[in-house]
Amino acid sequence: LLLVFRTNNAYLRLAEAREQWGKLLMLMREVTTKVSVALPYDATCEICRHLCAFTWSLRDKLRDGDQRDDILSLLLSSEVTRWVAVQRSRPLAILSRIRRLFHAEHASGALDSTLYYLLEADLKEIDAVIE
């Protein structure tokens, strides 16, 4: 009976993890699509590089493995890579950096208020999934 209980719990945890991972992928696609439609090419590339760095950092955090600084250095500038490397939670630090990029684009007028609000809502959902 105990073995069946543990097996069922393991299946439930796996199903919940798969559901959360699917939700995360859907949100990342939404953010990427909105950014690619609304922002200039350079800003889109910068944000997409940060999103890629976010997924690699999240993978490292979930696996309790080595931190992949080499991948971060390929995707992000050296200054941002150094800043992310010293943060307690790298995925949250990268999300914070993405928020700053969105704010800068909004402040410059390249990103309208409605889309800025929608992107912030997507980032809040991503934040909720990883916590």
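Put simply, of ASP112, ASP60 the only residue that is among the acidic types (Asp, Glu) and at pLDDT below 90 is ASP60. If you check VAL86, VAL80 for being in contact with a helix residue (DSSP H, G or I) (Cβ under 8 Å, 6 or more places away or on another chain) and either of a type in the set (Ser, Thr, Tyr) or under 30 Å from ALA17 (Cβ atoms) (or both), only one passes: VAL80. Scanning the stretch 13-36 for residues that are in contact (Cβ under 8 Å) with a residue 40 or more places away in the chain and over 19 Å from PRO91 (Cα atoms) returns LYS34, VAL35. Every condition in (1) out of contact with any Leu (no Cβ under 8 Å at 6 or more places or on another chain); (2) of a type in the set (Asp, Glu); (3) buried (at least 18 other Cβ atoms within 10 Å of the Cβ) is met by GLU105 except one, and the failing one is (1). Quick check on my filter: what residues within the stretch 47-80 are surrounded by fewer than 18 Cβ atoms within 10 Å (Cβ to Cβ), polar (S, T, N, Q) and closer than 23 Å to THR32 by Cβ? Answer for the stretch 47-80, where residues must be surrounded by fewer than 18 Cβ atoms within 10 Å (Cβ to Cβ), polar (S, T, N, Q) and closer than 23 Å to THR32 by Cβ: THR55, SER73, SER77. Would you point out the residue of the stretch 59-70, among those that are in a helix (DSSP H, G or I) and more than 15 Å from the chain's Cα centre (by Cα), that is nearest to ALA121 (Cα to Cα)? Across the stretch 59-70, the extreme among qualifying residues is ARG63.
In the set (1) part of a helix (DSSP H, G or I); (2) closer than 13 Å to ARG90 by Cα; (3) out of contact with any Lys or Arg (no Cβ under 7 Å at 6 or more places or on another chain), TRP56 fails one condition alone, (3).
The residue of the stretch 108-131 that is least open to solvent (accessible area, probe 1.4 Å), among those that are over 18 Å from THR33 (Cβ atoms) and over 17 Å from the mean Cα position of the chain (by Cα), is GLY109.
The values are calculated or read from the model by the stated rules, or taken from the named source; none is laboratory data. All of these numbers come straight from a predicted model, not from anything done at the bench. A quick note on method: Cβ atoms are made from the backbone with ideal geometry, for glycine too, and the neighbour counts reach across all protein chains shown. Note: areas computed on protein heavy atoms with side chains; ligands, DNA, RNA excluded. Shrake-Rupley method; radii C 1.70, N 1.55, O 1.52, S 1.80 Å.
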